[in-house]
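After the structure tokens below, expect a handful of questions from me.
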């Protein structure tokens, strides 16, 4: 009779501690099932119970599935997006550096006069675009600090609820007494 330890094959990489009988298709199906259960909010313990395996195995399955789902070209995609944002930024900087459009007009005496027309909307639009580009760049690179949240947890005990009920009853008695006084004691 063989023990579980005899059935284990030591491997390197994402398939450590895999039993001899596990096929790649079976492992793939297990990974997908564990991942789907996790996506719907099941805990590691619940997934392990559902799949009748250890929590360690669930962790391994989830880690493998996440690794496989991670886009292997993500660094290239990031660089492509950064290059594109750089192009947009250069175009906006050109608008800011060249705010006016020279216009040649003819004076009443017939001489040409050069005027520069400044369109504030173009400048402000370019600034807005630069801000959006900067926001996109920060999100893409994960530069922004995480948002800090302050959460207050208020716990209501049975005593608190009883006290609130007593206050409500006292307020009701006081309101009834006030109504009685207003109505002349009737």
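The values are calculated or read from the model by the stated rules, or taken from the named source; none is laboratory data. Not measured: the values here are computed from a predicted model. Heads up, the Cβs are rebuilt from the backbone with ideal geometry, glycines too, and the neighbour counts pull from every protein chain shown.
Among 56, 16, which is the only one that is modelled with pLDDT under 70 and farther than 22 Å from residue 142 by Cα?
Result of the check over 56, 16: 16.
Any residue at all in region 95-113 that's touching a strand residue (DSSP E or B) at 6+ places or on another chain (Cβ under 6 Å), exposed (fewer than 10 other Cβ atoms within 10 Å of the Cβ), modelled with pLDDT under 75 and in a loop (DSSP other than H, G, I, E, B)?
Yes, there is a match, as at least one residue in region 95-113 is touching a strand residue (DSSP E or B) at 6+ places or on another chain (Cβ under 6 Å), exposed (fewer than 10 other Cβ atoms within 10 Å of the Cβ), modelled with pLDDT under 75 and in a loop (DSSP other than H, G, I, E, B).
Another one. List every residue pair whose Cβ atoms lie under 9 Å apart, where the two residues are 6 or more positions apart in sequence or sit on different chains, the first residue falls within region 149-173 and is on the phi < 0 side of the Ramachandran plot, and the second residue, located anywhere, is surrounded by 10 or more Cβ atoms within 10 Å (Cβ to Cβ) and in a helix (DSSP H, G or I).
156/164
Here's something else I'd like to know. Condition first: closer than 30 Å to residue 81 by Cβ and at pLDDT below 85. Can you find one or more residues in region 149-158 that meet it?
Yes: one or more hits.
Further question on the same structure: Can you confirm whether residue 125 is on the phi > 0 side of the Ramachandran plot and either part of a loop (DSSP other than H, G, I, E, B) or at pLDDT 75 or above (or both)?
no
Go through (1) modelled with pLDDT of 75 or more; (2) touching a strand residue (DSSP E or B) at 6+ places or on another chain (Cβ under 6 Å) one by one and return the number of the condition residue 68 breaks.
Residue 68 satisfies all of (1) modelled with pLDDT of 75 or more; (2) touching a strand residue (DSSP E or B) at 6+ places or on another chain (Cβ under 6 Å) except (2).
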